[in-house]
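The values are calculated or read from the model by the stated rules, or taken from the named source; none is laboratory data. Since this is a predicted model, take the numbers as computed values, not measurements. Neighbour counts are summed over all protein chains in view; Cβ atoms, including those assigned to glycine, are modelled from backbone coordinates with ideal geometry.
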Amino acid sequence: MSGNIEEFVGLRRWAVVGVSDDKAKFGRRIFESLRGAGYDVVPVHPSLNVLDDGTPVFKRIGDIPQAPDVVDLVIPPAATAQVIEDCIAAGVTRVWFQPGAEAEEAISRAEQAGLAVIAHGPCAMVEKKRWA
């Protein structure tokens, strides 16, 4: 783990990759939790256009007009390698692998590219700061 949790949660612009229309799924719960705490958070999912509340969904990190400060991954480990490549190309500097999203090759690639990484344990939903 090369990232500092306090630094990550102290930044307001986040993207959550793996947001779902299903409010019971962790991607959606984390997105709602961060948004409710005052973060400027955007949802990312390759097959959604808009959430049921009208929030637009980005297909990939590179589609977001301004690179987020932190990308939070709530996806299967097999999907993380491509998202890390998208993050590198988009100029993202911090990636948080939620528990269950960790893939060692993706973590290593992110760190080799100079990204700060949080993995193996902490959940952004628990560690977040309250801005609102």
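Do you know which residues across region 1-44 are among the acidic types (D, E) and either surrounded by 23 or more Cβ atoms within 10 Å (Cβ to Cβ) or assigned to a helix (DSSP H, G or I) (or both)?
From region 1-44, those among the acidic types (D, E) are 6-7, 21-22, 32, 40; that's our starting set.
Those that are among the acidic types (D, E) and either surrounded by 23 or more Cβ atoms within 10 Å (Cβ to Cβ) or assigned to a helix (DSSP H, G or I) (or both): E6, E7, E32.
Can you pull out the helices (runs of 4 or more DSSP H) entirely within region 47-132 that have at least 3 residues that are in contact with a helix residue (DSSP H, G or I) (Cβ under 9 Å, 6 or more places away or on another chain) and at pLDDT below 95? First the steps, then the outcome.
Working: elements: 77-90, 104-112, 124-127.
Where helices (runs of 4 or more DSSP H) fall fully within region 47-132 and carry at least 3 residues being in contact with a helix residue (DSSP H, G or I) (Cβ under 9 Å, 6 or more places away or on another chain) and at pLDDT below 95, they are 124-127.
Please list, ordered by first then second residue, the pairs with beta carbon atoms under 6 Å, 6 or more apart or interchain, first in region 109-129 and under 14 Å from A81 (Cα atoms), second outside any loop (DSSP other than H, G, I, E, B) and small (G, A, S).
Taking only residues 6 or more apart or on different chains, the pairs are V117/A110.
If a residue must be under 12 Å from the mean Cα position of the chain (by Cα) and either without any contact (Cβ under 8 Å) to a residue 24 or more places away in the chain or closer than 18 Å to I5 by Cβ (or both), how many such residues does region 40-80 contain?
Final tally of qualifying residues: 8.
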